[in-house]
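Each value in this text was obtained by applying a stated rule to the coordinates, not by laboratory testing. All figures in this text were calculated on a predicted structure; none of them were measured in a lab. Heads up, the Cβs are rebuilt from the backbone with ideal geometry, glycines too, and the neighbour counts pull from every protein chain shown.
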Amino acid sequence: SGKRSWRKLHIAVDNHHVIQASDLTDRFTADCQSVESLAEQIESSIKYITADGAYDKGPVYKTLSQYFDQADIVIPPDSDAVYDKNNHWQRNRNYQEIKTLRAEKIRTNIVPSKQVVCAVPIKERLVAVKNLNHQEHC
């Protein structure tokens with residue numbers, strides 16, 4: 001008997017949780033490599049995009065900006081992220097907002113320093129890209 005290999009299903013859903021795009025990859029494909037395949041499948045206008053931290057990569061912001069140039073991209077930055085003028089402007093904005101929120105929460109002792117909770121208002125349309133395995137990096 002051979003070894004079994006698992007697959008990853010990447011999906012993009014709208015604010016009604018209806019699947020707009022999907023991409024099935026093998027376990028060796030980094031999550032962020034599925035973004036272009038997902039974006040190619042979406043035919044409607046997108047105003048807001050959110051994804052989990054596995055997608056916090058420069059090429060992801062670049063690809064999403066190319067396909068959805070008017071979209072607000074909200075992806076939580078990696079814990080070791082830094083502000084860099086060479087980063088996509090929305091990535092820098094997300095980094096700064098998370099940093100500010102974390103400082104406010106720590107200052108008021110609402111949450112411990114390693115925990116940050118962010119809420120983003122949903123307007124018109126939201127695409128959520130989610131995958132439960134975050135071990136790969138682009």
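With both labels modelled 7 Å from their Cα along Cα-to-Cβ, the L101 to W6 distance reads 2.8 nm.
In this simple spin-label approximation, V13 and R27 carry label points 7 Å from Cα along the Cα→Cβ vector, and these lie 2.5 nm apart.
Can you tell me what share of the DSSP beta bridges in region 1-84 is antiparallel? A percent to the nearest 5 is fine. Don't jump to the answer; show the numbers that get you there.
Details: 7 of 10 bridges.
The answer is about 70 percent antiparallel.
With each label modelled as a point 7 angstrom along the Cα→C-beta vector, the E40-K62 pair spans 1.7 nm. Packing-based ranking of 42-50, 59-67 yields 59-67, 42-50, ordered from highest to lowest mean Cβ neighbour count within 10 Å. Remark: relative contact order (region 1-102) = 19 percent; criterion is Cα-Cα distance under 8 angstrom and separation of 6 or more residues.
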